[in-house]
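The values are calculated or read from the model by the stated rules, or taken from the named source; none is laboratory data. This is a predicted model, so every value here is computed, not measured. Please note: Cβ atoms are built from the backbone with ideal geometry, for glycine as well, and neighbour counts cover all protein chains shown. Heads up: the accessible areas ignore ligands, DNA and RNA and are worked out on the full protein's heavy atoms, side chains in. Shrake-Rupley method; radii C 1.70, N 1.55, O 1.52, S 1.80 Å.
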Amino acid sequence: MTQSPHPPRIVRPYVLTQGRTKAPESTYGLEAQVRALVPPQQLDRAATPEARGIVELCQRSTSVAEVAARMTLPLGVTRVLVGDLVAVGALAVDVGAPDAATDVALLERLLDGIRAL
Amino acid sequence: MESVLSDRLRQTGWGAAPRAVRQVPVAMKVVVAGGFAVGKTTFVGAISEIDPLRTEAQITVESLGIDNAGPINGKTGTTVAMDFGRITIGPDMVLYLFGTPGQDRFWFMWDELARGSIGGVVLVDTRRLEDCFPAVDYFEALDVPFVVACNLFDGVATHHPREVREALRVPSNTPVVLCDARRKSHVQETLVLLVEGALRKATAASGRSAR
Ligand SMILES: Nc1nc2c(ncn2[C@@H]2O[C@H](COP(=O)(O)OP(=O)(O)OP(=O)(O)O)[C@@H](O)[C@H]2O)c(=O)[nH]1
Ligand SMILES: [Mg+2]
């Protein structure tokens, strides 16, 4: 990642991930739930604002898509940063059951929930 | 992520610390598709508990299957945006509604949205029916439940749902309904139809596998 003629908004996320553009495709779905395992105060002072922001946001379990949107980071970058924070034990990601969308009990629960809105 | 956490903190052992016992809700997902400006964001916003949020993915030529393109060269990439809303069903479940990007050439993005989804809502503007063909084809090919919702622009149905059904040749078990995307009750009813369809399908499948 040497000089780049491109606007900071585009380049910066890749600086954050040291040039890595994506976590493995198969990892976190957009709806995967991210939650912090530590309070933000426990992050090192050297933590990037993005890492701190993600840990703050995820004190309540939050979807990957929402982390990206609220942090205004592209999805790929978000996945990489979340993966890094998982690796150091600051976050956990619940990718959910792969067959939730075809689970009869879950669909019944969902149907009741939508009807009750 | 060496810069994020000091060694000192890591040595004091977060990993070993008792993990917070917190319930993580089950996430369910629905894809809201259709042509350009057909009311996808309106549909999501009518029922979402949050204003629809926008997520961007930066697409490199690499991810389109062409080698040797990095994200650093902005010329090789583009940005694809989608929006989504959230509905908390309860402490145990949350439903996300994802609107597809306006341009349907970003098929891989549809795959990303559709993976693990219950199914889709295809919004139709009956004045330009053909705009929804790609979405209908997509869900049919994927063999996931979907509902065709004719958006009531100007509050009038310019085509009867039966005509739309005939024009689209959707399977008979796919509901075709009128839906004013601005009205929560219409959106709600459309989602009910979708989940009912998904439930029928799941019930039939579990019956088969139980036998
Ligand atoms: N009269 C009427 N207008 C609608 C309805 N649904 C959406 N609109 C309007 O149609 C326009 C497009 O709606 P959007 O919800 O932005 O459509 P979209 O599919 O998200 O558009 P893109 O994301 O740009 O493809 C907006 O000005 C809406 O206010 C409807 O049911 N009736
Ligand atoms: Mg939109």
statement: Within the stretch B:95-113, the count of residues that are open to solvent by 10 Å² or more (accessible area, probe 1.4 Å) and either within 14 Å of ligand 1 (Cβ to nearest atom) or not acidic (Asp, Glu) (or both) comes to 6
- request: With the checklist (1) surrounded by 14 or more Cβ atoms within 10 Å (Cβ to Cβ); (2) in contact with a helix residue (DSSP H, G or I) (Cβ under 9 Å, 6 or more places away or on another chain); (3) touching a residue at least 24 places away in the same chain (Cβ under 8 Å) in hand, flag the one item B:GLU163 doesn't pass.
  value: (3)
query: Quick one: B:VAL136 ticks every box in (1) free of Cβ contacts under 8 Å to residues at least 40 places away in the same chain; (2) open to solvent by 10 Å² or more (accessible area, probe 1.4 Å) bar one, so which box is it?
result: (2)
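Please state which one of B:ASN173, B:ASN151 is touching a residue at least 24 places away in the same chain (Cβ under 8 Å) and touching an Asp or Glu at 6+ places or on another chain (Cβ under 6 Å). I'd like the intermediate steps shown before the answer.
Numbers: B:ASN173 fails: touching an Asp or Glu at 6+ places or on another chain (Cβ under 6 Å).
Just one listed residue meets the conditions, B:ASN151.
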query: So is B:ALA181 in contact with a helix residue (DSSP H, G or I) (Cβ under 6 Å, 6 or more places away or on another chain), crowded, with 16+ Cβ neighbours inside 10 Å and within 19 Å of B:VAL30 (Cβ to Cβ) or not?
result: yes
field: Residue ID - nearest to A:GLU31 (Cα to Cα), chosen from residues in the stretch B:107-125 that are in a helix (DSSP H, G or I) and within 15 Å of ligand 2 (Cβ to nearest atom)
entry: B:LEU113
query: Inside the stretch B:170-211, can you point out the residues that are over 22 Å from the mean Cα position of the chain (by Cα) and not aliphatic (A, V, I, L, M)?
result: B:SER172, B:THR203, B:SER206, B:GLY207, B:ARG208, B:SER209, B:ARG211
Residues of the stretch A:67-88 classified as in contact with an Asp or Glu (Cβ under 9 Å, 6 or more places away or on another chain), within 7 Å of another protein chain (Cβ to nearest Cβ) and part of a helix (DSSP H, G or I), total: 3
- prompt: Restricting the search to the stretch B:136-154, which residues are within 11 Å of ligand 1 (Cβ to nearest atom) and assigned to a helix (DSSP H, G or I)?
  reply: B:PHE153, B:ASP154
query: Does B:VAL124 count as within 12 Å of ligand 1 (Cβ to nearest atom) and among the aliphatic types (A, V, I, L, M)?
result: yes
message: Looking only at the stretch B:76-89, filter to residues that are within 8 Å of chain A (Cβ to nearest Cβ) and touching a helix residue (DSSP H, G or I) at 6+ places or on another chain (Cβ under 6 Å); which one of those is farthest from B:PHE43 (Cα to Cα)?
response: B:ILE89
- line: Filter the stretch A:22-71 for residues that are open to solvent by 30 Å² or more (accessible area, probe 1.4 Å) and among the small types (Gly, Ala, Ser); the one that is farthest from A:ASP94 (Cα to Cα) is A:ALA46
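For the stretch A:89-101, state whether one or more residues are assigned to a helix (DSSP H, G or I) and open to solvent by 20 Å² or more (accessible area, probe 1.4 Å).
no
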message: Scan the stretch B:30-45 and tell me whether some residue there is at pLDDT below 85 and open to solvent by 30 Å² or more (accessible area, probe 1.4 Å).
response: no
